[in-house]
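Q: Just passing along the structure, written as structure tokens.
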Amino acid sequence: MKLNKLNNKVAIIMGSQSDHSVMKGCEKILKTLKIKYQISIVSAHRTPKRMFEFAESASKNGFGVIVAGAGGSAHLPGMVASLSSLPVIGVPIETKKLKGLDSLLSIVQMPRGCPVATMSINGSMNAGLLAASIIGNFDEKIKSNLEKWKRLQTKSIKKKP
Ligand code: RP5
């Protein structure tokens, strides 16, 4: 597939409106790093056609990374990874009954041949940071924004408690 000149946007998708409060962490860090993103609800089981259309056109639409949050059986990141050659970062969403261990194990245990980079439970900020690292490989501005952010983080850690 022909790539756009610069596939430097991040797609944030999530299985349900109820995932949004967690996925806001990803939005926040992308905003801080001045990375363009689009956010939408795409459910593998409630809106399968939407998921197919999204995944199959993601690269053509200028996305360079997909961040997918899902809870419970959490098949969204894996399904999207099977339909797109873009890197997919999965965010396991904490669930009421199993505290997100279900989501984590589901997303992390992708079978051979279809990887999903799995974050910690509710680790949406790290998903944004990892997306920035990937985009920063070919977008100098983003790389420098990320480097600056890391320097500030380091500076903010006091030596003494
Ligand atoms: C998954 O089911 C979603 O990702 C969400 O985390 C979970 C529960 O969804 P709701 O019942 O709250 O819509 O598809």
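The values are calculated or read from the model by the stated rules, or taken from the named source; none is laboratory data. None of these values were measured; they are calculated from a predicted model. For neighbour counting, all protein chains shown are included, and Cβ atoms are generated from backbone atoms with ideal geometry for every residue, glycine included. Note: areas computed on protein heavy atoms with side chains; ligands, DNA, RNA excluded. Shrake-Rupley method; radii C 1.70, N 1.55, O 1.52, S 1.80 Å.
Q: Somewhere in the range 24-40, is a residue more than 19 Å from K141 (Cβ to Cβ), open to solvent by 30 Å² or more (accessible area, probe 1.4 Å), without any contact (Cβ under 8 Å) to a residue 60 or more places away in the chain and within 16 Å of the ligand (Cβ to nearest atom)?
A: Yes.
Q: Consider V108 carefully, then state whether it is away from the ligand (no atom under 11 Å from the Cβ) and either touching a Lys or Arg at 6+ places or on another chain (Cβ under 9 Å) or open to solvent by 80 Å² or more (accessible area, probe 1.4 Å) (or both).
A: So V108 does not fit the description; no.
Q: Exactly one of these conditions fails for L98: (1) aliphatic (A, V, I, L, M); (2) more than 16 Å from the ligand (Cβ to nearest atom); (3) part of a loop (DSSP other than H, G, I, E, B). Give me its number.
A: (2)
Q: Looking at (1) more than 16 Å from the ligand (Cβ to nearest atom); (2) free of Cβ contacts under 8 Å to residues at least 40 places away in the same chain; (3) of a type outside the set (K, R), can you tell me which one T47 breaks?
A: Of the numbered conditions (1) more than 16 Å from the ligand (Cβ to nearest atom); (2) free of Cβ contacts under 8 Å to residues at least 40 places away in the same chain; (3) of a type outside the set (K, R), the odd one out for T47 is (1).
Q: Sort out which residues of the range 1-41 are in contact with an Asp or Glu (Cβ under 8 Å, 6 or more places away or on another chain) and in a helix (DSSP H, G or I), and write them in order of number.
A: Matches in the range 1-41: V22 only.
Q: Moving on. Pick from A74, A44: which is part of a loop (DSSP other than H, G, I, E, B), surrounded by 16 or more Cβ atoms within 10 Å (Cβ to Cβ) and on the phi > 0 side of the Ramachandran plot?
A: A74
Q: Follow-up question, since we're still on this one. Every residue in the range 87-115 that is under 22 Å from T47 (Cβ atoms) and free of Cβ contacts under 8 Å to residues at least 40 places away in the same chain, please.
A: V88, G90, P92, T95, D102, S103, S106, I107, M110, C114
Q: Taking the range 119-161 on its own, how many of its residues are among the hydroxyl-bearing types (S, T, Y), over 20 Å from S21 (Cβ atoms) and not in a helix (DSSP H, G or I)?
A: Total satisfying the criteria: 1.
Q: Limited to the range 59-74, what total is found for residues that are aliphatic (A, V, I, L, M) and either more than 16 Å from A132 (Cβ to Cβ) or within 8 Å of the ligand (Cβ to nearest atom) (or both)?
A: The total comes to 3.
Q: Would you please list the contacts, defined by Cβ atoms under 6 Å and residues six or more apart or on different chains, that run from a residue in the range 129-141 that is surrounded by fewer than 18 Cβ atoms within 10 Å (Cβ to Cβ) to a residue that is part of a helix (DSSP H, G or I)?
A: none
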